Every structure is written in C-alpha cells, then in structure tokens.
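I have placed the structure first, in the form of structure tokens, so that the comments after it can refer back to it.
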Amino acid sequence: MKKTCLALALMALHAATQAQAGSDKETAAHARATAALLPGNVYNHALAGPISDPATETISLNVSALLQEIAADPQAYGVTPVATGEEHHKLLAEYAQSVVSAPSQVAMLASSANTAGQMQMQHIDRRLQTLSASQDSELAVWLQGEDITGSRNSANARPEGIQTAWKLGVDQPLDAWTLGAYLSYENLDGDTDEEGTYSQKRQSAGLYGRWQSEKFWVNAQLFYSDLDNKTRRHLYLGTAAREHQAKAGGEQYGGKISTGYDWQTGSVTHGPLLSLSMQQSRIKPLSEDDPNLSTTMSFDAQSQRSVQSSVGYQINVAISPQWSLYTSAEWLHEFRKPAELLGARLQDGPYSKRHLYLPTDQEEARDAGLLEWGVTGQLSHHWTLGAGISVQLAPGTRPQTAMYLNTAYLF
C-alpha cells in the first residue's frame, strides 16, 4: 500500500511536469486538474488507513496541497518534464524533513531565556560583591551596558553578531544589609542548525539584597522578565526557498541565593562560594504566517524549568586605595533536562487538527563553567567605574560571553 501511495504522489508530480510542457492550453489545464484532484481525493485516504494504529506516532503531511503548489509553478521547484523519479522522491523527502525538523528551530526559545537569566543573575551577584569590596555606605544609582556574543556554536543554536543589554539599578547599604532594585533590557539574536533564525527581547525587573557579617555573606535576588520572541524558519523544496515567520510573547521568572566566606590576606580577599538558582520560562503558542501553504505550522506553548547549583572560588586584589581587580570561577550543575518533544500541527489540509509531537533535538547540558574577570575603581568620591567579562562554558542552548562597562553615582 505504501508503494501505491507513493506512486500516486509521483503520478501527480508527473502531471505537474506535463502541465508545464503541454502543447496547448487544454492539455495544460487537464494536467493541472489531475495534479490537484488525484491526491486530494485518493492519496490522503489511501495513506491514512494502514497507519492509523493508535499505538504508533503518525506524522501526516499535507501532500495534496504541496502537489497543487508544485503544479501551479513546476519550474520554481525545479520540476521539469524530464525530471527523474529520484528527483521527485527528493522533493517529497525535503517536505517531510521541513515538518519533522521544525520544532528544533523554535524549541530553543525557552532554554535561551534561561541561559540569559543565569548571566543576568551573575551580574547582580557581581554588583553586590563590588559593593562589599568598596565598603561604600551611600545610596547609589548605577548603570551597566553589555555586549553579548555566543561563547561557541552549541546544541541547535549559534550566535548571530553582537547583541546588547542594559541594566539600571539603585541600591543602599544599611549596616550589615544591602538592598537594591534594577531594570534590564536585552536584545538577543541567533541562528539555528536548520538554517533558521530567531530573536528574543527580554525586559526584566528585579530585587536583590545582601547580608554580611565580618567574613560570612549571603546574597539573594528575584526577577521577572517579559519576553518578546520571533522565529524565522527557512526551508527548501527543490530549487524553491521559503521563509515562515512567527511571533509570540512569553514570560520568565527566577531567583538565586548565594553564600560564601571571605579571608583577608594583606590586600587580597578570597574565599569559596555556593549558590542555587531556579528559573521558569514560558513561551506562548506560535503560529507561522502564510497559513494556506503546505509547509506552514503552529507550535504549542513551551515551558522550560532550570534548577542550577554552583560551587566556586573568587579573589579580589586591591592594587591601590582606589582600584581593585577581581576574578571568579564556578562550576554549575543543571538538575533539569530540556524538553524532548514539542507539540505542533500543520495549519492547512485534512490533518490540520492532528497534533504532532516532534523531537526538539536539544542537547542535554548538565555541567557548565562560568568564568569572570574585571576591574573596579573610584574616580572620585561620588563616581565609580567598572569593567569586566563573563564567559559561560557549556554545550547548552546558547552559552554567552558578555563584556560589560558600568558606572555608579553615590549620593
């Protein structure tokens, strides 16, 4: 039966080529009608019967619509009157691949947000460590700008150029306590291994605080992010190229608690640190544009939870009364696995209401490294300046390298 169904599809493809090569309008019209009606009336029903076993995950394609699209303009797809059966098979395989691989091009959105959230919380921890080292007691307003790139190609995503992030915050030391709040904006872009692209904008607001005795300290923070996501899925059918776009909002929230112990040896302060963070990212359902095409898809909402622990060591060296150098190294462990499947469906055709649960192809990254280097200084009694670099080392969805420059004004 499968051979018969494939033969019907190939017959329709052949009809499309004859439509292009027809010697008169009547022949061309008859061939196009054959291509349009044959699969719609016979092919889908013939295929559905033998594979309707409920114990089997069946991926149903809208071959009828695909063949009508090819029949309308065979040359655009590289279909000619002398095209071979192998070329026809290849075109159908490319269509199937475009559907099966689609989730891997959109499933990185939730995980990418968690990767960015982890770096965001790292920078807030660094702000608290800088306050502790400077021993300033005034109310401060601070601003940080960041250039973000990818550390390496990873999983099914890789960076696209240099992106930016901004943070604006205010904090106040109160004896053993420090309390603060901040706003953050990030604009992230990336490519996928399936030749698609995505962009993600994060608008965040957070609270943070620190308690410190003579040597022991505890940091805590919470944040909420509004997510604006866009995907562009590129695919090829023969010689024809298509792009499907989709937009969706989302949200993210998370928190982190860190603790450590500091020893003082001359001008060097150093000690171990431990932390535990939790994040949850949610992406609303995405529906691609051009809903009447055979390749257009919709995707279910995504949700990805991250629970990470870390252990590390940090060092701060006062090179003068006004300037200090710092470095830290952490080893992170992820307790949650990325989602293996994503629900999707075709937007048009007889199977448009049938859900497909397709693999996301996200790599499982349980362990990662996080390195940071930087410098802070006192320009005057009221102004401070700092610069640094943070590097995530992991086979995660999108590990980041962030170079940052910050300043603060003390009141």
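The values are calculated or read from the model by the stated rules, or taken from the named source; none is laboratory data. This structure is a prediction, so every number in the text was calculated from the model and none was measured. Glycine also receives a Cβ, built like all others from the backbone with ideal geometry; neighbour counts cover every protein chain displayed. Each accessible area value is taken on the protein alone, full model and side chains, heavy atoms only, with ligands, DNA and RNA left out. Shrake-Rupley method; radii C 1.70, N 1.55, O 1.52, S 1.80 Å.
Looking at the range 58-75 only, could you name the residues that are assigned to a helix (DSSP H, G or I) and among the charged types (D, E, K, R)? GLU69 - this is the single residue of the range 58-75 that is assigned to a helix (DSSP H, G or I) and among the charged types (D, E, K, R). Scanning the range 285-320 for residues being touching a residue at least 60 places away in the same chain (Cβ under 8 Å), open to solvent by less than 30 Å² (accessible area, probe 1.4 Å) and of a type in the set (Gly, Ala, Ser) gives a total of 3. Among the residues of the range 258-284, the ones that are loosely packed, with under 14 Cβ neighbours inside 10 Å and either closer than 25 Å to VAL307 by Cβ or in contact with a Gly (Cβ under 8 Å, 6 or more places away or on another chain) (or both) come to 3 in all.
The strands (runs of 3 or more DSSP E) falling completely within the range 120-237 that include 3 or more residues that are open to solvent by 10 Å² or more (accessible area, probe 1.4 Å) and at pLDDT 95 or above map to 140-150, 163-174, 177-192, 197-212, 216-237.
Within the range 238-249, being buried (at least 22 other Cβ atoms within 10 Å of the Cβ) and either touching a residue at least 60 places away in the same chain (Cβ under 8 Å) or over 19 Å from SER104 (Cα atoms) (or both) holds for no residue. Against the list (1) farther than 30 Å from ALA329 by Cα; (2) open to solvent by 10 Å² or more (accessible area, probe 1.4 Å); (3) in a helix (DSSP H, G or I); (4) aliphatic (A, V, I, L, M), the condition VAL99 fails is (2).
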